[in-house]
Amino acid sequence: MSNPVLVEVFRGETVESRHRGAVVVTDGDGRIVYSVGDIERPTFPRSAIKAIQALPLVESGAADAYGFGNEELAMACASHSGEPLHVSKAADMLGRAGLDLSALECGAHWSSDQSVLIAQARSMQEPTALHNNCSGKHSGFLCTCVHLGIETAGYSTLGSPTQTMVCEAMESVTGAVHALDRCGTDGCSIPTYAIPLKSLAHGFARMVTGTGLPPVRAKAAKRLLDATMAAPYYVAGTNRACTRLMEMAPGRIFVKTGAEGVFVAALPEFGLGIAIKCDDGATRASEAMVAAVLARIFRNDAELESKLDRFADREMRNWNGITYGVVSPADILTEANIN
C-alpha cells in the first residue's frame, strides 16, 4: 500500500514538498489505539531502539557494578551530538570498566552540532570514537562484556555474545522475529533488523508498562526509560528534538529518534508506545509527525498540547532570518482522535 502524506512543506502559501509515512500507537497488550499507513512493512528501527539494546547492561548487573546513574544510562540509550559533556561521559563509562576509547568499535565522526564541530575542528586534528553519536551505547556494551567476563574484541559483530544478548532482548520485547534475511549493518557497525512498525510500537508500550515482560526485564526497562526522561540532554544534546520534547514534559514523555526518519515514544501515564516512519527518511518530517501525534494524545493538557503543536508546525528561515515557509503536519495527523 502507498502511505499517505503526513507532512507538507510550504514555501509561502504553496506546498513545495510532501512527506509520506506511517504511524502506529499501541498499548501494552498490543491493541492498536491509532494507526495510519502500512504498519506491517518491515522497518529498520536504527537508533530508535537503543533503550531496548541497553537492557542487558542493566539486567546483567553491570550498570550497578560500575555505579551508573541516570546520566550514564541515558548515554547508553543515546544518539548524542558529540558535545564535550557527551564525550567525557562516554570516556568515564569506559574508564569504570578499565577500558579506554581504543576498545570502541563504532568508528569516529565529528559532532553533529555545528558550533561544537567548528570548535572541534579548531582544537583537534580529527575526532575519536568517543565523538561518535553511538559511543554511549557502545560503552554500555563494553561494560557489560567486562562485567560478564566476555571478550571485548568483536563485541559489535553479528553472532558475538553481546549482540546475541541484544537480539534476544529485542525479540523478547517487540515480539518480532529478528531474522537474518532482514538483518543489515547499522551506522555504528552493529547488526540492525527490520521488523513491522507495529511491533516496534508494541515493544515500547511494553517497555513503559512492563506488560508481558519478566519482572527483572520490566524493572530494567522502567529504570532505563526513567533515566532518559531524567537526563534528556545525554540522550541527544543541545537543541535536539529528543531533548526538547522530553524537557517539555519531564517524566511524561520518552522519545527517541533513529536514522532514516524513524521515531519511537513511550508515555507512562497512558501506557502507550508509538512508532513512526517517514518514507523518505527526512528528519524534519519525522520530528513534525511525532510531535503532532503527541499533541493529539495530550489534548487534555492545553499548555503541553500547544507546545507540541508549535514544535510540529514550525517556521523555516533563510540565512537572513527571513521566514519563507513552514513544515506542517497534514490534517490526517492534526485532526486525529487518539484514545
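The values are calculated or read from the model by the stated rules, or taken from the named source; none is laboratory data. Given the structure is predicted, the values throughout are model-derived calculations rather than measurements. Reconstructed Cβ throughout: ideal geometry from the backbone, glycine too, with neighbour counts over all protein chains shown. Note: areas computed on protein heavy atoms with side chains; ligands, DNA, RNA excluded. Shrake-Rupley method; radii C 1.70, N 1.55, O 1.52, S 1.80 Å.
Solvent-accessible surface (1.4 Å probe) assigned to ASP181 amounts to roughly 130 Å². Taking amide H as placed 1.01 Å from N in the peptide plane, the amide H of GLY237 sits under 5 Å from that of THR243, each at least 5 places away or on another chain. Relative to the Cα centre, the charge distribution of region 5-335, modelled as +1 at Lys and Arg Cβ and -1 at Asp and Glu Cβ, gives a dipole magnitude of about 160 debye.
With every protein chain present, what is the per residue accessible area of region 5-335 (1.4 Å probe, Å²)?
In whole numbers, region 5-335 has 40 Å² accessible per residue.
Partner lysines whose Cα lies under 24 Å from the Cα of LYS50, excluding those fewer than 8 positions away in the same chain, are identified as LYS89, LYS137, LYS198, LYS219, LYS222, LYS256, LYS277. GNM on the chain, C-alpha springs below 10 Å: top fluctuator among VAL23, VAL326, VAL235? Comparing VAL23, VAL326, VAL235 in the GNM, the peak value goes to VAL326. Placing unit charges on each Cβ (+1 for Lys and Arg, -1 for Asp and Glu) gives region 5-335 a dipole about its Cα centre, and among ALA103, VAL173, THR283 the Cα reaching farthest toward its positive end belongs to VAL173. Considering only SER17, THR164, THR209, the residue lying farthest towards the positive end of the dipole of region 5-335 is THR209, judged by Cα position with unit charges set on Cβ.
In this structure THR14 has an accessible area near 90 Å², from a 1.4 Å probe over the protein heavy atoms. One entry in [x] 84, 50, 41; [y] 92, 60, 34; [z] 59, 51, 38 is Cα extents along the principal axes in Å calculated from the shown coordinates; its label is [z]. Exposure check, 1.4 Å probe, all protein chains in place: LYS307 carries approximately 70 Å² of accessible surface. Look at the dipole of region 34-117 built from charges on Cβ: of SER115, TYR66, PHE44, the Cα furthest out on the positive end belongs to PHE44. Computed in the context of the full set of protein chains, the accessible area of region 5-335 at 1.4 Å probe radius has 50% of its extent on carbon or sulfur.
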